[in-house]
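Here is the structure we will look at, set down as structure tokens.
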Amino acid sequence: MFSRGSRVKISKLNVYPVKSLGGIGLEQATLGVRGLAYDRHWMVVDQVGRFVTQRQLPGMARVSVRLESDWLVLEHPEAEPLAIELAHRARPRLTAYVWDDACQALDEGAEASDWLTAVLGDLRGSSLRLVRFDEEHRRPVESRYLQGEEAHTAFADGYPFLIASQASLDALNRNLAQKGLAPLPMNRFRPNIVLEGAHGFAEDGWSEVAAHDGRYRFGLRKPCQRCKITTVDQANGTIDIPGEPLQTLIEMKTQPLRPGAYFGQNATLLGGAGESLAVGDELQVG
């Protein structure tokens, strides 16, 4: 399956506990079938349970997130921190919607709702709520892109893992530089796993990546079509150059047979649930 000597290395790991809020860089993470531990385990919704992201509220990028031993902590420059208990306890249940998927969720309560609405503003007159994924619920990955495996995810857009390549970002930034535009950091694309050691967009030709010792394996199942979140500066929650880097990615034709802008690969876990992966791990590709 794997080409002899075809190896890459993990250069960055990121987890995004609350969908579309700030990410957390990690040196090591635990693998689960739904993604890295706590990844997209919470989500902001409106009054009818529809997911809210930086597509509607770019300022969500300004909310930073910490995971402590017992707490999820949200911070914003204009508010006192909000702490959410990690422990499972009785919470009101509701249905939350990610695209066309109806997910069972647990409401984190009025304090979280008031805090989010205060720092982010309401959305079309709707207050905001924070919900967590009901771990008893199964949200399957779209089966037509799978290759015999079963996969499910939490509140990610559609897949439990997003894998990106540093060389691909370097290639994009070279094209942006030709337009006189500043280089972009990887956080514009919000990947879980960043790899180094391959040429730009080589990942679009891979079907699997696996730890060289076989402890875990990922299936790369679908190129990730990018949206306007990539235009949001993740440090300040503003859109400085509307349309970029989307226009440049379209011009680069990274997926010649697909219309749109693509960067990174959506992935599933083929083996290794419960294992840990770390920055510096060597992976084989095939």
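The values are calculated or read from the model by the stated rules, or taken from the named source; none is laboratory data. Predicted, not measured: the structure shown is a model, and the values here were computed from it. A quick note on method: Cβ atoms are made from the backbone with ideal geometry, for glycine too, and the neighbour counts reach across all protein chains shown. Only protein heavy atoms, including side chains, enter the accessible area calculation; ligands, DNA and RNA are left aside. Shrake-Rupley method; radii C 1.70, N 1.55, O 1.52, S 1.80 Å.
At 1.4 Å probe size, with every protein chain present, just tell me what the per residue accessible area of the range 208-283 comes to in Å².
42
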For this session: Would you grab the residues whose amide H sits under 5 Å from the one on S127? Only those 5+ places off in sequence or on another chain, please, with H modelled 1.01 Å from N.
Result: Q47
Exercise. For the chain, modelled as a Gaussian network with Cα springs under 10 Å, which listed residue fluctuates most, N236, N14, N187?
Worked result: N236
For this session: Taking amide H positions as placed in the peptide plane 1.01 Å from N, state which residues far from G271 in sequence (5 or more) or on other chains have amide H under 5 Å from it.
Result: R217
Exercise. Given Cα pairs under 8 Å that are at least 6 residues apart, what percent is the relative contact order of the chain?
Worked result: 26
Exercise. Residue by residue, what Karplus-based ³J(HN,Hα) values in Hz, rounded to whole numbers, does the range 242-247 have, using 6.51, -1.76 and 1.60 with θ = phi - 60° and x for Gly and Pro?
Worked result: x, x, 10, x, 4, 4
For this session: Within the range 1-107, list the GluC sites (Glu not before Pro) lying in a DSSP loop whose Cβ has at most 16 other Cβ atoms in a 10 Å radius.
Result: E27, E68, E78
Problem set entry | Two-site label geometry, I250 and A182: point separation in nm, points 7 Å out along Cα→Cβ | 2.4
For this session: Search the structure for amide H atoms under 5 Å from the amide H of A151, placed 1.01 Å from N in the peptide plane, and list their residues when 5 or more places away or on another chain.
Result: V141
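Could you work out the helix-only [θ] at 222 nm for the chain, with each DSSP H run of four or more residues adding -39,500 (n - 2.57) and the total divided by the number of residues, to the nearest 500 deg cm²/dmol?
Using -39500 (n - 2.57) per qualifying helix, the result is -3000 deg cm²/dmol.
Can you tell me the accessible area per residue over the range 135-181, all protein chains present, probe 1.4 angstrom, in square angstrom? Mind showing how you got there, number by number?
Numbers: 2330 Å² over 47 residues.
Ligands and nucleic acids excluded, the result is 50 Å² per residue.
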Seminar exercise, completed: Everything considered on the Cα gyration tensor (a ≥ b ≥ c; rounded for a/c under 1.5, else prolate if a/b is larger than b/c, else oblate), the range 228-286 must be described as oblate
Seminar exercise, completed: Relative contact order of the range 1-72 (C-alpha contacts under 8 Å, at least 6 apart) in percent is 30
Exercise. From the backbone phi of the range 258-275, what are the Karplus-calculated ³J(HN,Hα) couplings (6.51 cos²θ - 1.76 cosθ + 1.60, θ = phi - 60°) in whole Hz, Gly and Pro given as x?
Worked result: 10, x, x, 9, 10, 7, x, 10, 6, 9, 10, 9, 8, x, x, 4, x, 6
Problem set entry | 0 to 90° range, to nearest 10: angle between helix 166-178 axis and the chain longest Cα axis | 90
Seminar exercise, completed: So the angle from the long Cα axis of helix 110-120 to the longest Cα principal axis of the chain, reported in degrees to the nearest 10, equals 60
Exercise. In whole Hz, what ³J(HN,Hα) sequence does the range 190-205 give by Karplus (6.51, -1.76, 1.60; θ = phi - 60°), x for Gly and Pro?
Worked result: 6, x, 7, 10, 10, 10, 10, x, 10, 7, x, 6, 4, 4, 5, x
Exercise. Which of the lysines could a cross-linker bridge to K222, judged by Cα under 26 Å and excluding same-chain residues fewer than eight apart?
Worked result: K9, K12, K19, K253
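Is the C-alpha gyration tensor of the range 42-110 telling us rounded, prolate or oblate? Criteria: a/c under 1.5 is rounded; beyond that, a/b larger than b/c is prolate, otherwise oblate. Kindly include the intermediate steps, with their values, before the conclusion.
Working: a/c = 2.19, a/b = 1.14, b/c = 1.92.
Since a/c reaches 1.5 but b/c is at least a/b, the shape of the range 42-110 is classed as oblate.
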For this session: Calculate what fraction, in whole %, of the accessible area of the range 1-79 sits on carbon and sulfur atoms when a 1.4 Å probe is rolled over the protein chains.
Result: 45
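If you roll a 1.4 Å probe over the range 196-286 with all protein chains in place, what percent of the accessible area is carbon or sulfur?
Taking all protein chains in place, the range 196-286 shows 50 percent carbon and sulfur surface.
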